[in-house]
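Take a look at the structure set out below.
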Amino acid sequence: MNSTTIYSRRSVLSLLAAGAASTLAGCASSGPRPISATPVAFAPPPQLPSGRSAELDAMYGTVVDNGYVIPAVPYWEINPRYYRQQVVDPTGERPGTVVVDTASRFLYLVEPGGTAMRYGVGIGREGFAWEGEGVIEWRQKWPKWTPPQEMIARQPELAKYSADNGGMPPGLNNPLGARALYIFKGGKDTLYRLHGSPEWNSIGKAVSSGCVRLMNQDVIDLYERVPENARIVVWQ
């Protein structure tokens, strides 16, 4: 299997059944309360030394993408609940819908047949500022990052990346990472983004700034799966 289709099979992930930066904006939800998801049962893969697995090595290994070399993620330093995996869908939404559960730090892409792909995410303070439903009307590979004026006011050193100065070029250190998905509502940009991040250690946490971030390997996988003009629902 390749890294975009591999589902984690580690037995430790069965514990998940009990489990609960471009422009910036928020996340929250007027939808139902989060429901714990049950991972789809798979046989455990062969284990490598130091708690590593061949499948996770492939899923979170080094990726060459559009001329950029994305470093491997030391996934063994991340809580296993946040590994990308297929689970029984807890959302009740129709297939193709993206659901962000900000409280549990999960993002779901609902699949046909009662399952969903689940990704661990990190949430910034702006990640709690928007709620409800929207549409992913625009997406970009290796996007530029343009901090909003409010952020520049807090951090004047970012003025060199303002819109007037052309933003920060794409790259491994760009806060938006390898992909960005832009959320609109009523035809207007909500300033709410799903995006990659080089800061893998922020997954599962509430970080200082930003919207909803995924590991670069995960956002690439999500980008390839999400249908055009996908509906997105955000739970707080």
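General observations
- Normalised radius of gyration (Cα atoms, divided by 2.2 N^0.38 Å) for region 80-236: 1.00.
- Alpha carbon centroid spacing (whole Å) that separates region 134-175 from region 58-112: 23 Å
- FRET E, pair Ala206, Ala163, Förster distance 25 Å, beta-carbon r, rounded to 0.05: 0.40
- Fewest-first sequence of Met215, Met59 by Cβ atoms within 10 Å of each Cβ: Met59, Met215
- Here's the list of aspartates and glutamates a cross-link from Lys141 could span, going by alpha-carbon distance under 14 Å and ignoring same-chain residues fewer than 8 apart: Asp65, Asp218, Asp221, Glu224.
- Cβ-derived FRET efficiency at R0 41 Å, Tyr68 paired with Lys188, nearest 0.05: 0.85
- Likely footprinting exposure, Phe184, Phe106, fewest C-beta neighbours within 10 Å first: Phe184, Phe106
Just so you know, all these numbers are worked out from the coordinates, no wet-lab data involved. Everything numeric here is computed off the predicted structure, so don't read it as measured data. Heads up, the Cβs are rebuilt from the backbone with ideal geometry, glycines too, and the neighbour counts pull from every protein chain shown.
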